Amino acid sequence: MSQPNTLHPQAYCYYIELTGSERPDLLTALTTSEQELGDWEPVQAAKLPTWRLWTDANADTIRYTVAHVIARSALPQNAYWLLQYKGTDHGHPRMLHPQFHTR
């Protein structure tokens with residue numbers, strides 16, 4: 001489900017940062033179809049609960065998915081950051097759409 005590789009075959013990387021104080025394990029709340037969107041990986045060094053999702057899906061699909069995972073799991077998050085990057089390399093992605101979304 002998650003890969004430690006520095007290169008990924010998917011076209012995009014989404015950086016998902018929850019703004020709440022709890023540190024839920026988002027990966028345990030994913031359905032099978034959500035897991036199959038791409039490679040999910042936790043960002044260990046982040047201060048807030050944060051994940052990367054490497055996928056070919058578009059931003060609307062990912063925004064819809066994240067909002068529903070939060071709502072379905074009753075996570076105490078009132079907002080989240082969703083940043084979209086293009087590129088397969090951890091070190092040099094190109095930011096496409098930095099956006100702030102509230103639930």
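Just order 21-32, 64-75 by mean Cβ neighbour count inside 10 Å, highest at the front, would you? Walk me through the numbers on the way to the answer.
Working: 21-32: 12.8, 64-75: 15.8.
Per-residue Cβ counts within 10 Å, averaged per peptide and sorted highest first, yield 64-75, 21-32.
In the neighborhood of Trp40, defined by Cβ-to-Cβ distances under 12 Å, what is the net charge if each Lys or Arg adds +1 and each Asp or Glu adds -1?
With Lys, Arg at +1 and Asp, Glu at -1, the net is -4.
Using the Karplus curve 6.51 cos²θ - 1.76 cosθ + 1.60 with θ = phi - 60°, work out ³J(HN,Hα) for each residue of the stretch 7-21 in order, rounded to whole Hz, and write x for Gly and Pro.
Couplings: 10, 10, x, 6, 7, 10, 10, 10, 9, 10, 10, 7, 9, x, 8 Hz.
Can you give me the % of accessible surface on the stretch 10-95 that is carbon or sulfur? Probe 1.4 Å, all protein chains present, nothing else counted.
Carbon with sulfur: 51 percent of the solvent-accessible area.
Where does the stretch 10-95 land on the Kirkwood hydrodynamic radius, alpha-carbon pairs, in angstrom?
One over the average 1/r among Cα pairs gives 13.0 Å for the stretch 10-95.
The values are calculated or read from the model by the stated rules, or taken from the named source; none is laboratory data. None of the values given here were measured: they were computed from a predicted structure. All Cβ positions, even for glycine, are placed from backbone atoms using ideal geometry, and neighbour counts span all protein chains on display. Areas reflect the complete protein model, heavy atoms only, side chains present, ligands, DNA and RNA absent. Shrake-Rupley method; radii C 1.70, N 1.55, O 1.52, S 1.80 Å.
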